[in-house]
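In what follows, a single structure is set out as structure tokens and then discussed.
The values are calculated or read from the model by the stated rules, or taken from the named source; none is laboratory data. These numbers were taken from a predicted model, which means no experiment stands behind them. Virtual Cβ from ideal backbone geometry, glycine too; neighbours counted across all protein chains shown. Heads up: the accessible areas ignore ligands, DNA and RNA and are worked out on the full protein's heavy atoms, side chains in. Shrake-Rupley method; radii C 1.70, N 1.55, O 1.52, S 1.80 Å.
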Amino acid sequence: MAYRSLQSILERTGLVTPAQFRDWSASWRTSVDAGGTETQLAFFAREAGLTEEQFLQKLSLALDWPFVELGKQTIETEVRKRISTKVAFQYSVFPVEVRNAVLRVAAHNPFDPGMQAAVQFDAKGPVEYALATKADIEKALKKYYGVGAETLDEMAEDDPMELIVGDDREITGDDQEASVIKFVNQVVWEAFKERATDIHFEPSEDELRIRYRIDGILHQTPLPPQIKRYQAALISRIKVMAGMNIAEKRLPQDGRINVRIKGEEIDIRVSTVPTVWGESVSLRLLTRGKIFFGLDKLGFGKDEDAAIRDLIVKPHGIFLVTGPTGSGKSTTLYAFLSTINSVTKRIITIEEPVEYELKGINQIPVRGEIGLTFAMGLRHILRQDPNVIMVGEIRDLETAEIAIRASLTGHLVFSTLHTNDAPSAFTRLIDMGIEPFLVASSVEAVMAQRLVRTICPHCKVPQKVDRDYLVKVGFPEAEIDSTTFPKGIGCEECRQLGYQGRTGIHELLVVGESIRPLVMNRATASQIATVARNEGMRTLREDGWRKVKLGITTLEEVLRVTQSEEHARSLGVGEKAEPA
């Protein structure tokens, strides 16, 4: 249908007046010229004070056309084959069903003459249209065809190994370059939209699997089944982007890609390892702009926040953050540094790798291949007149000894340690070979932390929880009756998961006069924990319960991330600190 036909249809249905159509069309064209991606009907809906769904539902009633929700339907494979992948993605249309030899196609703008011609050519028979929102169609395309499916037609025509080397560049959702490049860009683009922190390309005998890590949980993304054919080309493209040797497939390699996505600078750390069925590639997405938030955004309680603010401005001492890989330790340390960063402080870090670049802070990357280790770097940092030092991780005796010496000679040292809880940090350092009196006199505080997923605010509802179960898992019995236990039931905003985003739960142990003698006398972690709790320390699980009571997260999430810590404590793991 032509432009005037759309106008006559909308005016005849009473959805717009002639004046509105004229004014809104001019505004919409101006928006498109400026780079806007909103469809004409979606723009009209917004101008009319309606959602796109409400507008299309009204239009469907006026035209006597069906309005479909594709997420609630199962589409047969033979029906999907009636429209080519290229046409489906290019025009955002989706074949729904065939009835009496007539193909029904869902479209968000069925009045586009170019779309009508392309669909008619593919269908090779009669076509009728149903209305659906653009977002609903795009979700269905991704679900049934897979991410990047529209590039497969182009790949089939191209030499899949014909790669183009590009410099730092802007990635968008509709990159028009060579097909292999376009597919990789689309995977990164999808991961960015889904808030993923990692992308994993995992080859097996008969498929190439791509998984995104979102809020700490891995999710497999749908892919076209024939993508396995292009495995070598895709992995080579990533290696080219990361500056790796594409001819070397037998050894692990590391690289780095810098891109811009919607104006944001993204650092992508790339790691490849050889497997039986080809190279497995992992991409870590680091968004520079998202690290600079205050301590109030990390999930601390008021008392913890006040204690931490006092600790991070001390003139000397060691502040350790502990937890497993992926528990947000580096993010917390960066927040500490960002909070105290000023022209009056000289701050130097030694990291492996430098995950985020902080303005005004001197950051040194560890380079083991040339001998620049944590210990070597830390030794030279002490000659650079620092006020504050951040060591990415204390993992050996030499690094621990230098860090303690630095703290005792007037430097504030931040670092991380891999222990289950805060009290175990002392026994870990002593087990490394550090004298107990040095540990007791240098460590000012230890904070253990985990990340829990937060409940999606769009589908949050209360739930009933059995009282006996709550008592069994250790929820404070006196607070059960006054607590509402929320959960997310799943919606489009959270990918039907019930969670969106993450926050921290913490166990902050501030070393006072009652703790130091215990450390000097090689007390067990459980003995230290008992005294610390008597002085007000909340355990990880107790802080998790606090966030459940505040409606931030769920019981299940707290239990999921604290099971190992509670189990280790119950077994006495890390208890002994025998003489070295």
Pseudo-spin-label distance Glu493 to Val461, built 7 Å along Cα→Cβ, given in nm, is 1.5 nm
Quick calc, Ala19 & Arg560: beta-carbon distance into FRET formula, R0 56 Å, rounding 0.05, result 0.45
Where a ≥ b ≥ c are root eigenvalues of the Cα gyration tensor, a/c under 1.5 meaning rounded, otherwise prolate if a/b exceeds b/c and oblate otherwise, the range 70-149 counts as rounded
Nearest 10, in degrees from 0 to 90: the angle of helix 134-145 to the longest Cα principal axis of the chain is 80 degrees
Carbon plus sulfur, as percent of the 1.4 Å-probe accessible area of the range 1-131, comes to 50 percent
Taking the chain and counting helices only, DSSP H stretches of n ≥ 4 at -39,500 (n - 2.57) each over all residues, the nearest-500 ellipticity at 222 nm comes to -11000 deg cm²/dmol
Env charge @ Ile340, Cβ radius under 11 Å, K,R +1 / D,E -1, value +3
Projected onto their principal axes, the Cα atoms of the range 201-309 stretch, largest extent first, over whole-Å spans of 55, 29, 26
Stretched fully, the stretch from Val343 through Arg383 gains (0.36 nm per residue minus C-alpha distance, one decimal, in nm) 12.5 nm
Normalised per residue, the volume inside the convex hull of the alpha-carbon atoms of the chain in Å³ amounts to 200 Å³
In Å², rounded to a whole number, the accessible area per residue of the chain with probe 1.4 Å is 47 Å²
Averaged over all viewing directions, the convex hull of the alpha carbons in the range 350-428 casts a projected area in nm² of 5.8 nm²
Using alpha-carbon positions, the gyration tensor of the range 269-406 gives root eigenvalues a ≥ b ≥ c; with a/c under 1.5 called rounded, otherwise prolate if a/b exceeds b/c, else oblate, the class is oblate
Applying the gyration tensor rule to the Cα atoms of the range 301-355 (axes a ≥ b ≥ c; rounded if a/c under 1.5, else prolate if a/b exceeds b/c, else oblate), the class is oblate
With the dipole of the range 228-306 defined by +1 on each Lys or Arg Cβ and -1 on each Asp or Glu Cβ, the option from Gly255, Gln231, Gly294 whose Cα lies farthest towards the positive pole is Gln231
Count of lysine pairs, the range 214-320, Cα-Cα under 20 Å, sep. 8 or more residues or interchain, comes to 5
Here the gain from full extension of Thr409 to Arg533, 0.36 nm per residue of separation minus their alpha-carbon distance, amounts to 41.6 nm
Cβ-Cβ cut-off under 11 Å around Thr503, Lys and Arg +1, Asp and Glu -1: the net charge is +2
Each label sits 7 Å from Cα toward the beta-carbon; between Thr275 and Leu61 the label points are separated, in nm, by 5.2 nm
With +1 at each Lys and Arg Cβ and -1 at each Asp and Glu Cβ, the charge dipole magnitude of the chain around its Cα centre, to the nearest 20 debye, comes out at 540 debye
With +1 at each Lys and Arg Cβ and -1 at each Asp and Glu Cβ, the charge dipole magnitude of the range 483-570 around its Cα centre, to the nearest 20 debye, comes out at 100 debye
Taking only Cα atoms of the range 1-122, the Rg to Rh ratio with Kirkwood Rh works out at 0.98
Lys and Arg at +1, Asp and Glu at -1: neighbours of Glu53 with Cβ under 15 Å from its Cβ sum to -2
Extension length gain for Glu202 and Lys297 (0.36 nm per residue less Cα distance), in nm, is 30.8 nm
Answer in debye to the nearest 20: the dipole magnitude of the range 354-399 about its Cα centre, from +1 Lys/Arg and -1 Asp/Glu charges placed on Cβ, is 140 debye
Whole-Å distance linking the alpha carbon centroid of the range 1-71 with that of the range 442-488 is 46 Å
Of the candidates Val391, Gly71, Asn521, the farthest towards the positive dipole end of the chain (Lys/Arg Cβ +1, Asp/Glu Cβ -1, centred on the Cα centre) is Asn521
Mean separation of Cα contacts under 8 Å (at least 6 apart) over the residue count of the chain, i.e. the relative contact order in percent, is 9 percent
